[in-house]
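*Asks:* Pasting a structure below so you can have a look.
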Amino acid sequence: MSTSAPSTDKHPITEEYDLVVIGAGISGIGAVQYFREAFPNRRIIVLEGRSNIGGTWDLFRYPGIRSDSDLHTFGYEFKPWEDRSAIADAPLIRNYLRDTVDEFDLTGLIALRHRVARASWSSTDARWTLHVEVVDADGAVVATKCISTNWIFAGTGYYRYDEGFTPHFDGREDFAGDIIHPQHWPEDYDYSGKKVVVIGSGATAITLVPAMLNGPGAAAHVTMLQRTPTYVLPFPRVDTLALKLTKVFGVRRGYALTRFKNVWMDRGIVKGLRTFPRAGRRLIRSVNKKALPAGYDVDTHFNPPYDPWDQRLCMAPDGDFFDVLGTGAASVVTDRIVRFTETGILLESGEHLDADVIVTATGLVMRMLGGIDIVVDDEPVDITKSVVYRGTLLSGVPNLAMAVGYTTSSWTLKIGMLCRYVVGLVKHMDEHGYDTARVEPDPAMALRPIMDLSSGYALRARATIPKQGEGPWKMSMSYPEDAKRLRGPLLDAANLKLSSSAVRASEVAHV
């Protein structure tokens, strides 16, 4: 790594590092532990724009917020998940992340309320200059810094934290009740005894419906209003085999065995459903019929027009979603919205859904690299024209790796492999005197967006996210494929170009 940066009158460097991790969510916290362990003598820092660590798991506060993957694969390979629940609520995940920071003594490496606005690369000295806004608890800028680094690891997630997606609804201003997006759930919001309509059919809606009917503050009734059905399956909250493995082999070995089991079981399910989609449809329909009351209209409300895993399946821990449908406390309506009214929602069928509260569980606004302005040698970079290499490096952007996990299984599984790849690359560069890594795709290669799903948020973002191609330029969503690609030969002369900057060459010449 290049280790020094010049100071200029215009942008004096206030702090220098060898590697900067942006974001202290589940990706960034995992990354800094990998890097700190691999490079104990290097200067490393995590810059987090918010007041707390945790990313998604601290931001989202809607009722029932939980993982949609088991924590044995969603957790870190170096930090066993020890809670009894394999499908965990957000407070448990936040505690797990805080425990990780404490156990591995990472607190001193994390700078909260440090929001990166701009990152400028100089090929002359192989350094990034990060223009950082120091903010208060309300997000107002109170100071600025210029931080220099040789490498950036962007654990910034894939969506906007400040804005969820809400489509236009005619008559929205006529509705007399509250309209809430789950991403911005009001603290201590009281919906007890109210009629609630949740618009959407993704994981958030499947989580909200049973959660809002649980406990003394329960809603009077919750209706899930969907335009298009999704696949929903009951899933055990507690992995009994994991408990047995832990009892027999101990915490660490039991966790490793459970993680191995779940990785390959998950891949088997995904491969099976994608290879035999018709059989998969029949199987899911059969499971749904058993979980729902007799005579329930499965073919209207649980019969998506796409094959399993064209979009991610939604999980209902211990069948909680189906249970509330069975009691009549919740219902599903499949229809299209004409307009909001003063007292609810008018549908194309002519039906009117009465509501005191409308929850728009209508998705995310995708954004890569946290919306940071990227500049390379004084030229702004349009990342929509960049192509992702081995799932992490970007063409046209030297010495920057980004964390994009799996969208069809546990996000974090891929992050660990990406971090180990970056560690191997940086170590090789150090050993051979390189300080710059660039990737260059074949300009004739056919390209497509990196998230090639049919879900709404992915389709909306197709024109705003980086591209993928084939071979090492493919954004794989397969753990076995990535395990082979990221753990395979490090060097790739056709696509990966390593070099020394003018400053590094001068330093070597004077040794």
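*Asks:* Looking at ARG285, ARG252, which is the one that is surrounded by fewer than 21 Cβ atoms within 10 Å (Cβ to Cβ), in contact with a helix residue (DSSP H, G or I) (Cβ under 8 Å, 6 or more places away or on another chain), modelled with pLDDT of 95 or more and charged (D, E, K, R)? Walk me through how you get there before you give the answer.
*Replies:* Working: ARG252 fails: in contact with a helix residue (DSSP H, G or I) (Cβ under 8 Å, 6 or more places away or on another chain).
Going through ARG285, ARG252 in turn, just one is surrounded by fewer than 21 Cβ atoms within 10 Å (Cβ to Cβ), in contact with a helix residue (DSSP H, G or I) (Cβ under 8 Å, 6 or more places away or on another chain), modelled with pLDDT of 95 or more and charged (D, E, K, R): ARG285.
*Asks:* On to the next question. Within the stretch 116-148, can you find the residues that are buried (at least 21 other Cβ atoms within 10 Å of the Cβ) and under 25 Å from THR56 (Cβ atoms)?
*Replies:* Scanning the stretch 116-148 gives VAL116, ALA119, LEU130, VAL132, ILE147.
*Asks:* Within the stretch 305-346, can you find the residues that are at positive phi, surrounded by 18 or more Cβ atoms within 10 Å (Cβ to Cβ) and at pLDDT 95 or above?
*Replies:* GLY319, GLY344 - these are the residues of the stretch 305-346 that are at positive phi, surrounded by 18 or more Cβ atoms within 10 Å (Cβ to Cβ) and at pLDDT 95 or above.
*Asks:* So which strands (runs of 3 or more DSSP E) are wholly in the stretch 175-264 and hold at least 3 residues that are within 16 Å of ALA355 (Cβ to Cβ)? Give the derivation first.
*Replies:* On the way: elements: 178-180, 195-199, 221-226, 232-235.
Per the criteria, 178-180, 195-199, 221-226.
*Asks:* Being touching a Lys or Arg at 6+ places or on another chain (Cβ under 9 Å) and among the acidic types (Asp, Glu) is the filter here; which residues of the stretch 291-326 pass it?
*Replies:* Within the stretch 291-326, ASP299, ASP307, ASP310, ASP318, ASP320 meet the criteria.
*Asks:* Assuming SER122 fulfils every condition listed in (1) over 16 Å from the mean Cα position of the chain (by Cα); (2) within 27 Å of THR246 (Cβ to Cβ); (3) among the hydroxyl-bearing types (Ser, Thr, Tyr) apart from one, which condition is it?
*Replies:* (2)
*Asks:* Residues being at pLDDT below 95 and either touching a helix residue (DSSP H, G or I) at 6+ places or on another chain (Cβ under 6 Å) or not in a loop (DSSP other than H, G, I, E, B) (or both): count how many of those fall in the stretch 159-174.
*Replies:* Total satisfying the criteria: 6.
*Asks:* Inspect the stretch 194-214 for any residue being within 30 Å of VAL375 (Cα to Cα), at pLDDT 95 or above and either of a type in the set (Asp, Glu) or outside the structural domain of LYS414 (by TED's automatic domain parsing) (or both) and give the result as yes or no.
*Replies:* Initially, the stretch 194-214 is screened for residues within 30 Å of VAL375 (Cα to Cα), giving none.
The answer is no; no qualifying residue exists.
*Asks:* Of all residues being charged (D, E, K, R), in a loop (DSSP other than H, G, I, E, B) and out of contact with any Leu (no Cβ under 6 Å at 6 or more places or on another chain) in the stretch 66-93, which is surrounded by the most Cβ atoms within 10 Å (Cβ to Cβ)? Just the residue, please.
*Replies:* Start the filter on the stretch 66-93 by keeping residues that are charged (D, E, K, R), which leaves 66, 68, 70, 77, 79, 82-84, 89.
With the extra rule that they be in a loop (DSSP other than H, G, I, E, B), the set shrinks to 68, 70, 77, 79, 82-84.
So of that shortlist, the ones also out of contact with any Leu (no Cβ under 6 Å at 6 or more places or on another chain) come out as 68, 70, 77, 79, 82, 84.
Values: ASP68: 20, ASP70: 28, GLU77: 17, LYS79: 18, GLU82: 13, ARG84: 13.
So, considering only residues that are charged (D, E, K, R), in a loop (DSSP other than H, G, I, E, B) and out of contact with any Leu (no Cβ under 6 Å at 6 or more places or on another chain), the one surrounded by the most Cβ atoms within 10 Å (Cβ to Cβ) is ASP70.
The values are calculated or read from the model by the stated rules, or taken from the named source; none is laboratory data. The shown structure was predicted, so the numbers you read here are calculated from the model rather than taken from an experiment. Cβ coordinates were reconstructed from backbone atoms using ideal geometry, including for glycine residues, and neighbour counts include every protein chain displayed.
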